[in-house]
Structures are given as structure tokens and as C-alpha cells.
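Rule-based calculations on the coordinates, nothing more; no lab input. Predicted, not measured: the structure shown is a model, and the values here were computed from it. So basically every Cβ, Gly included, is an ideal-geometry build from the backbone, and we count neighbours across all protein chains shown.
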Amino acid sequence: MQEQFAGRVEIIGIGGSSTSVPDLERFVASYGASGLTHVSDTDNSVWERYGVTSQQTFVFINDDGSAESGKVDTAFLGDRVEQLLAT
């Protein structure tokens with residue numbers, strides 16, 4: 001998705017409080033996700049700010065700072081991003 005939306009959308013991975021920096025580095029290496037920005041949210045402050053309660057939650061943050069969060073079927077994630085870009 002990073003390649004699909006390059007220059008239009010920034011995708012950031014946020015590890016939760018149980019994810020140490022070494023764990024996050026292993027995850028990035030294992031899944032070949034080094035092209036994304038990753039943040040280790042060890043105190044859960046980012047998760048709390050956007051109402052994230054579990055993995056597989058996506059938060060879409062608009063240019064104006066407004067946000068929408070929730071579960072999105074990963075098969076349709078690109079479609080949802082396209083919808084948001086069209087508004």
C-alpha cells in the first residue's frame with residue numbers, strides 16, 4: 001500500500017505497549033516493512049489518543065487533524081483509503 005499511495009498517503013505502523021523496540025525491529029525485518037515509518041508506543045499514548053484498543057485497528061488522520069478509527073477488512077483497506085482521498 002505504501003507504494004500504491006506514495007506521495008498521497010503516509011502509512012505509519014504503531015506498536016503497542018507490549019512491543020519493545022527490539023520486537024518492533026524484528027517484526028519490520030520479518031515482514032519486509034522497512035519502507036514504512038514505525039513507532040514503538042510503549043506507553044500507549046498514541047493508541048489512547050486515537051481510541052485504539054487492539055491490533056488490526058486502522059486510524060485515518062486527515063490533513064486537518066480529524067481522525068476516523070475502527071476495524072477495516074484488510075482486503076478492502078485500499079478501497080477505503082481511495083474513498084477518503086476522494087472526499
The chain: relative contact order in percent, alpha carbon pairs under 8 Å with at least 6 residues between: 23
Radius 13 Å from Cβ of Ser18, net charge of other residues (Lys, Arg +1; Asp, Glu -1): -3
Cα radius of gyration and Dmax for the chain (Å): 13.3, 38
Summed side-chain charge close to Asp63 - residues other than Asp63 whose Cβ falls under 15 Å, Lys, Arg +1, Asp, Glu -1: -2
Exposure proxy order (Cβ contacts within 10 Å, fewest to most) of Thr57, Thr87: Thr87, Thr57
Cα-based helix-to-principal-axis angle, 77-86 vs the chain, degrees rounded to 10: 50
Fraction of antiparallel bridges per DSSP, the chain only, in percent to nearest 5: 55
